[in-house]
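Engineer: The structure under discussion is supplied below as structure tokens; questions concerning it will follow.
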Amino acid sequence: MCGIVGILGSKPVAEDLVDALRRLEYRGYDSAGIATVENGHLDRRRAEGKLKNLELKLSEQPLKGRAGIGHTRWATHGRPIERNAHPHMNDRVAVVHNGIIENFQELRDELTAKGYEFETETDTETILHLVTDYLNQGCRPVEAAHKALQRLSGAFALGLIFAGHDDLMIGARRGPPLAIGHGKNEMYLGSDAIALAPFTDAITYLEDGDWVVITRSGAQIYDTAGNPVERPIVRSVASSLLVDKGNYRHFMAKEIHEQPEVISHTLAHYLDMATGKVVFPDLGVDLAKISRITMSACGTAYYAGLVGKYWLERYARIPVDIDVASEFRYREAPMPEGGLAIFISQSGETADTLASLRYCKAQGQKIASVVNVRTSTIARESHAILPTLAGPEIGVASTKAFTCQLSVLACLAIAAGRARGTLSEADEKELVRALTEVPRHVNTILRSEPMYETLAHSLQKAKDVLYLGRGQNFPIALEGALKLKEISYIHAEGYAAGELKHGPIALIDENVPVVVVAPEDDLFEKTVSNMQEVAARGGQIILISNAPASKAGCKLHTHLQMPDAHPFTNPLLYAVPVQLIAYHTAVAMGTDVDQPRNLAKSVTVE
């Protein structure tokens, strides 16, 4: 995840900006930079690689401004080179930015037609020129920033400073987190409280859609429409040595809300969003000729693999075998010559998955691992590493790691489909475009969180809960059931909706909630008929769908409205509501959400 910091200080801020960025290193990055306002002019220093490279540049060419912004970047649009590093700057504005600007190409074309010249491959430069265009039209900085924000589409956070304005900084949040730090005649901006811990413990967290005008005397926060709003100042206990919960009650809640940002960064690692193409690493095999893929994982990672199986078979027409690792390792499965085996693990240390990897390796398979820790054992023993960029996940019940795993597998399916000719160039662009919209859609889902809190009050009384799904959404039903039992301790089971009448329907009565994962796709009507079977037996139906409730054809206990999206991306989106259902039910029941009983984050024994 990229990191943003900003300081309006009483002394030169360059050293403090770098110190704050160092506290965000845990988020991962490939370049860094800072910009300051000095004597009315903007100046900056940027460097590829680690912060020590930036510090070397600053030692040779110091910045002495008392107002500045800084950034650690995970490349999204554009390669991880100095030219694409943040801050982006001209003689009037400097900007740092996390996330994805979905409509950057449309805006870029508009601004190019007006004569603005683009020097980088990034979507961020679009913000720079858009704000500058409004300044050139005579707008003051605050007005220019607000008008620009109204034109931007996507999930993002950003910080702006302006030439000639030593006492002004603007921040905005639409998805990724952003916090304001309050000091004595000093003010701060940061991606989280950890970055600001050395300077202040008085923190205001921006809510989604907020933007803020910061001066040394304070901060005025506005909502999307430009209306002034109040947000509380809280005392943070953030430490530079700890990952902080911020203003969330639990790490799991924070990690659920980080998904728009971490999905953006994971997708950006594999997609060239400017051209609409997948840029996938060499797996050591020719995807065009491969006869079969073997996949294995445990728990939530296994369900990610199940979704991957649907995607790879449908879009790339590659047969996929998938097993839970604890069974696969004992099956002595025959392996095809020159085959590819993919292993999925958040920690990269899962014992059963590692044993399965070693079996496949001994059978001559090329090994690719989808992992969140690149230095893990599974990563080190693989021929190719497919990293997820979820950042540290503290909550035992996996959330953001799961959706990042899905993001990687979605990109793999597109890459394989193109290699095998089952997807055209137009198909690739369509699917890549759909993926770039996922962070925004997830952000939309998170805005409806109060509905899930209300639902939790009735679910906490249940003894059993069933989850139903069809096709690529069946694994999401399985994941929903796992999440609920992991952290609420309510018995829950996931089933393929078509299997309902083959046994599980015997469990249905008026006391059994049934969660139905049913986007309005080509399988929706079949799932509706299963819902009606549940309704006829008095079951409490909780429908998660983008379809209107009227299309259910039966009485619903709750309808959780979802945004309209491309069917390809539905597993990524529908993972979020099942996480929210589990989280809020567990909170209502008073369980230990982050450290549920009997469970560990990384299972390193059989």
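Engineer: What's the whole-number percent of alpha carbon pairs in the stretch 394-461 lying beyond 17 angstrom?
Structural biologist: Value for the stretch 394-461 (Cα pairs over 17 Å): 61 percent.
Engineer: Round to a whole angstrom and tell me the spacing of the C-alpha centers of the stretch 28-70 and the stretch 267-314.
Structural biologist: The two parts, judged by their Cα centres, are 38 Å apart.
Engineer: For GLN220 and SER550, what does the FRET efficiency come to when R0 = 51 Å and r is the distance between their Cβ atoms, rounded to the nearest 0.05?
Structural biologist: Between GLN220 and SER550 the formula returns 0.75.
Engineer: Placing one identical point scatterer on every Cα of the stretch 483-526 and ignoring solvent, what is log10 I(q)/I(0) from the Debye formula at q = 0.15, 0.27, 0.31 Å⁻¹?
Structural biologist: Each listed q corresponds, in turn, to -0.49, -1.12, -1.18.
Engineer: For the chain, find the longest principal axis of its Cα atoms and tell me its angle to the long axis of helix 449-459, 0 to 90°, nearest 10.
Structural biologist: Its long axis makes an angle of about 30 degrees.
Engineer: Expressed as an acute angle from 0 to 90° and rounded to the nearest 10, what is the orientation of the C-alpha long axis of helix 259-270 relative to the principal long axis of the chain?
Structural biologist: For helix 259-270, the angle is close to 90 degrees.
Engineer: Could you calculate the contour length gain from ARG537 to LEU56, that is, 0.36 nm times the residue separation minus the distance between their Cα atoms, to one decimal place in nm?
Structural biologist: 166.1 nm is the gain from fully extending ARG537 to LEU56.
Engineer: Carbon and sulfur: what percent of the stretch 205-296's accessible surface (1.4 Å probe)?
Structural biologist: Looking at the stretch 205-296 in its full context, I get 52 percent from C and S.
Engineer: With Rg and Dmax of the Cα atoms in Å in mind, check (1) 35.8, 119; (2) 30.7, 106; (3) 24.4, 76 and report the label derived from this structure.
Structural biologist: (3)
Engineer: Further, regarding this structure: Let a ≥ b ≥ c be the square roots of the eigenvalues of the Cα gyration tensor of the stretch 306-414; is it rounded (a/c under 1.5), or, if not, prolate (a/b larger than b/c) or oblate?
Structural biologist: Judged from the Cα gyration tensor, the stretch 306-414 comes out oblate (a/c at least 1.5, b/c at or above a/b).
Engineer: Still on this structure, please answer the following. Regarding the stretch 70-203, what are the three Cα extents along the principal axes, ordered largest first, in Å?
Structural biologist: 46, 33, 25
Engineer: Quick one: plug the Kirkwood hydrodynamic radius of the stretch 349-483 (C-alpha pairs) into Stokes-Einstein at 37 °C, 0.692 mPa s, and report D in µm²/s.
Structural biologist: Taking Rh from Cα pairs, D becomes 183 µm²/s.
Engineer: Let me ask another. Give me the tail of P(r) for the stretch 473-552 as a percent: Cα-Cα pairs with distance above 19 Å.
Structural biologist: The share of Cα pairs beyond 19 Å in the stretch 473-552 comes to 33 percent.
Engineer: Something else now. Greater than 22 Å separation of Cα atoms is the criterion. Which listed pairs, LYS289/LYS366; LYS463/LYS551; LYS147/LYS245; LYS64/LYS184, meet it?
Structural biologist: Over 22 Å apart, Cα to Cα: LYS463/LYS551; LYS147/LYS245.
Engineer: Leaving out ligands and nucleic acids, note down the accessible area per residue over the chain with a 1.4 angstrom probe, in whole Å².
Structural biologist: Normalised by residue count, the accessible surface of the chain is 37 Å².
Engineer: Helix 400-420: angle to the longest alpha-carbon principal axis of the chain, degrees 0 to 90, nearest 10?
Structural biologist: 80 degrees
Engineer: Compute the convex hull volume of the Cα atoms of the stretch 124-240, divide it by the residue count, and report the result per residue in Å³ as a whole number.
Structural biologist: That works out to 106 Å³ per residue.
Engineer: Assuming R0 = 45 Å, what is the FRET efficiency of SER448 and HIS383, from their Cβ-Cβ distance, to the nearest 0.05?
Structural biologist: 0.60
Engineer: Once label points are set 7 Å from the Cα along Cα→Cβ at both ASP201 and ARG597, what is their separation, rounded to one decimal in nm?
Structural biologist: Distance between the two pseudo-spin positions: 3.4 nm.
Engineer: So, one more: Based on DSSP H runs of at least 4 residues, each adding -39500 (n - 2.57), what is the mean residue ellipticity at 222 nm of the chain after dividing by all its residues, to the nearest 500 deg cm²/dmol?
Structural biologist: -11000 deg cm²/dmol, from helical runs alone.
Engineer: Average the reciprocal distances over every distinct pair of alpha-carbons in the stretch 333-397, invert the result, and give the Kirkwood radius in Å.
Structural biologist: In the stretch 333-397 this quantity evaluates to 12.0 Å.
Engineer: If one computes P(r) from the Cα atoms of the stretch 122-161, what percent of pairs lie at distances over 11 Å?
Structural biologist: Pairs farther apart than 11 Å: 62 percent.
Engineer: Sort LYS400, LYS52, LYS429, LYS526 by heavy-atom solvent-accessible area, probe 1.4 angstrom, most to least.
Structural biologist: The most accessible residue leads, giving LYS52, LYS526, LYS429, LYS400.
Engineer: With the cut-off at 1.5 for a/c, could you classify the stretch 424-541 from its C-alpha gyration tensor as rounded, prolate or oblate?
Structural biologist: Verdict is oblate for the stretch 424-541.
Engineer: Another question, then. Restricting to DSSP loop positions (anything but H, G, I, E, B) with no more than 11 other Cβ atoms inside 10 Å of their own Cβ, which GluC sites (Glu not before Pro) remain in the stretch 467-546?
Structural biologist: Taking the stretch 467-546 and a limit of 11 other Cβ atoms within 10 Å, the loop GluC sites (Glu not before Pro) found are GLU510.
Engineer: To the nearest 0.05, what FRET efficiency results for GLU337 and ALA113 with a Förster distance of 41 Å applied to their C-beta separation?
Structural biologist: 0.15
Engineer: I need the shape label for the stretch 263-346. Rule: rounded when a/c is under 1.5, else prolate if a/b > b/c, else oblate, with a, b, c from the alpha carbon gyration tensor.
Structural biologist: Oblate is the answer for the stretch 263-346, as a/c is 1.5 or above yet b/c matches or exceeds a/b.
Engineer: Then there is this: What is the percent carbon and sulfur in the accessible area of the stretch 434-541, measuring with a 1.4 Å probe over the protein chains and ignoring ligands?
Structural biologist: Carbon plus sulfur share of accessible area: 51 percent.
Engineer: On the protein heavy atoms, probe 1.4 angstrom, tell me the percent of accessible surface of the stretch 1-111 carried by carbon and sulfur.
Structural biologist: 46 percent
Engineer: Right, another one. Hey, any idea what the orientation-averaged projected area of the convex hull of the stretch 360-404's Cα atoms comes to, in nm²?
Structural biologist: Spelled out: convex hull of the Cα atoms, projected over all directions, averaged, 3.6 nm².
Engineer: Moving on. Based on alpha-carbon positions alone, could you give the equivalent ellipsoid semi-axes of the stretch 226-383 from the gyration tensor, as √(5λ), descending, whole Å?
Structural biologist: Rounded to whole Å, the semi-axes are 36, 20, 14.
The values are calculated or read from the model by the stated rules, or taken from the named source; none is laboratory data. Keep in mind that this is a model prediction, so the values were computed, not measured. Don't worry about glycine lacking a Cβ; one is built from the backbone with ideal geometry, like all the others, and counts go over all protein chains shown. Keep in mind that these areas ignore ligands, DNA and RNA; they rest on the heavy atoms of the full protein, side chains included. Shrake-Rupley method; radii C 1.70, N 1.55, O 1.52, S 1.80 Å.
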